[in-house]
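K.L.:
Structure incoming, see below.
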Amino acid sequence: MEYTYTYREDCWFKGKCPREKRIGCDSACVIQSEFAYLLNTSNMPKELMKTTPLQPDTRDLPAFYTLSDIQKDAENFVTDGRFLYLWSLNLGNGKTSFAAKIAKTYMAMKCIGNNYRDRVWFEYVPTFLLMSKDFANKDERQEHIKNSMKRELLILDDIGAVQNTSYDISTLSSLIDYRYSNGLATIFTSNIY
């Protein structure tokens with residue numbers, strides 16, 4: 001995979017970068033390419049990579065403000081190995097989008113001097129459970145599971161979305177236990193209370 005500098009019009013940090021204000025954008029800047037690397041190695045769906053403003057329903061304002069505080073403190077959230085469970089019975093109210101916002105904020109905080117180190121992994125749980133049973137593609141399966149276990153921040157999206165077998169429960173339990181035992185941050189989204 002190749003990562004190249006794209007000019008200011010496409011920069012994720014346009015208008016917010018201290019370097020841009022001090023000396024302007026140029027091809028010597030590695031901030032954008034390192035951020036692009038972090039995004040492209042996170043397994044995050046393309047639509048979640050885009051910056052999209054969230055408009056909370058008035059009923060969701062307290063949760064929205066709490067999540068905004070977590071987003072601002074994303075680096076400590078990850079460093080402390082915290083877990084966050086975002087749930088709502090309502091579909092489409094921004095659980096996954098806010099989890100992605102927290103992850104992108106963390107990546108933005110880490111992209112300067114990151115040296116192209118992988119940090120975040122996004123996992124849609126039903127797909128992960130299918131992948132964990134794909135014994136025909138052993139190397140791909142192991143690499144996928146390793147990314148879910150080892151990254152500093154993992155988003156497990158739509159946990160509980162499917163009827164789980166005992167194998168599925170064992171696989172998820174092992175993953176969660178490993179992350180908890182090793183102080184690795186995890187964000188869960190779900191429609192289950």
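The values are calculated or read from the model by the stated rules, or taken from the named source; none is laboratory data. Because the structure is predicted, anything quoted here is derived from the model rather than measured. Positions of Cβ are generated from backbone atoms using ideal geometry, with glycine treated the same way; all protein chains shown enter the neighbour counts. Note: areas computed on protein heavy atoms with side chains; ligands, DNA, RNA excluded. Shrake-Rupley method; radii C 1.70, N 1.55, O 1.52, S 1.80 Å.
K.L.:
When you go through Ile169, Ile176, Ile102, Ile187 one by one, which is the residue that is at pLDDT 90 or above and either of a type in the set (D, E, K, R) or farther than 27 Å from Ser68 by Cα (or both)?
P.N.:
That would be Ile169, the only listed residue that is at pLDDT 90 or above and either of a type in the set (D, E, K, R) or farther than 27 Å from Ser68 by Cα (or both).
K.L.:
Then there's this: Tell me yes or no: at least one residue of the range 6-26 is aliphatic (A, V, I, L, M), modelled with pLDDT under 80 and in a helix (DSSP H, G or I). Walk me through it before giving the result.
P.N.:
We begin by selecting, within the range 6-26, every residue aliphatic (A, V, I, L, M); these are 23.
Cutting the leftovers down to modelled with pLDDT under 80 gives us 23.
Next, only the ones that are in a helix (DSSP H, G or I) stay: 23.
Within the range 6-26, one or more residues are aliphatic (A, V, I, L, M), modelled with pLDDT under 80 and in a helix (DSSP H, G or I).
K.L.:
Right, here's the next one. Does Leu61 satisfy being modelled with pLDDT of 80 or more, in contact with a Lys or Arg (Cβ under 8 Å, 6 or more places away or on another chain), open to solvent by less than 90 Å² (accessible area, probe 1.4 Å) and part of a helix (DSSP H, G or I)?
P.N.:
Numbers: modelled with pLDDT of 80 or more: yes; in contact with a Lys or Arg (Cβ under 8 Å, 6 or more places away or on another chain): no; open to solvent by less than 90 Å² (accessible area, probe 1.4 Å): yes; part of a helix (DSSP H, G or I): yes.
So Leu61 does not fit the description; no.
K.L.:
For Ser68, indicate whether it is under 13 Å from the mean Cα position of the chain (by Cα) and either in a loop (DSSP other than H, G, I, E, B) or within 17 Å of Ala99 (Cβ to Cβ) (or both).
P.N.:
Values: under 13 Å from the mean Cα position of the chain (by Cα): no; either in a loop (DSSP other than H, G, I, E, B) or within 17 Å of Ala99 (Cβ to Cβ) (or both): yes.
For Ser68, the condition - under 13 Å from the mean Cα position of the chain (by Cα) and either in a loop (DSSP other than H, G, I, E, B) or within 17 Å of Ala99 (Cβ to Cβ) (or both) - is not met.
K.L.:
Output the residues belonging to the range 147-179 that are under 17 Å from Tyr85 (Cβ atoms) and either in a strand (DSSP E or B) or more than 20 Å from the chain's Cα centre (by Cα) (or both).
P.N.:
Leu153, Leu154, Ile155, Leu156, Asp157, Asn164, Ile169
K.L.:
Quick check on this structure: which one of Ser68, Ser148, Ser97 is closer than 23 Å to Ile169 by Cβ and either touching a Cys at 6+ places or on another chain (Cβ under 6 Å) or among the polar types (S, T, N, Q) (or both)?
P.N.:
Numbers: Ser68 fails: closer than 23 Å to Ile169 by Cβ; Ser97 fails: closer than 23 Å to Ile169 by Cβ.
Result: Ser148 is the single residue among Ser68, Ser148, Ser97 that is closer than 23 Å to Ile169 by Cβ and either touching a Cys at 6+ places or on another chain (Cβ under 6 Å) or among the polar types (S, T, N, Q) (or both).
K.L.:
Any residue at all in the range 101-122 that's among the polar types (S, T, N, Q), in a helix (DSSP H, G or I) and closer than 25 Å to Tyr180 by Cα? Lay out the reasoning, then the answer.
P.N.:
Kept after step one, since they are among the polar types (S, T, N, Q), are these residues of the range 101-122: 105, 114-115.
In the following step, the residues that additionally are in a helix (DSSP H, G or I) were identified as 105.
Next, only the ones that are closer than 25 Å to Tyr180 by Cα stay: 105.
Yes, there is a match, as at least one residue in the range 101-122 is among the polar types (S, T, N, Q), in a helix (DSSP H, G or I) and closer than 25 Å to Tyr180 by Cα.
K.L.:
Here is a further query. Using beta carbons and a limit of 6 Å, which pairs, at least six apart or on different chains, have the first residue in the range 78-102 and under 18 Å from Trp121 (Cβ atoms) and in contact (Cβ under 8 Å) with a residue 24 or more places away in the chain and the second one charged (D, E, K, R) and surrounded by fewer than 22 Cβ atoms within 10 Å (Cβ to Cβ)?
P.N.:
From the range 78-102, the pairs are Val78/Glu152.
K.L.:
Could you please find all residues in the range 105-126 being modelled with pLDDT of 90 or more and either loosely packed, with under 14 Cβ neighbours inside 10 Å or of a type in the set (Lys, Arg) (or both)?
P.N.:
Within the range 105-126, Arg119 is the sole residue that qualifies.
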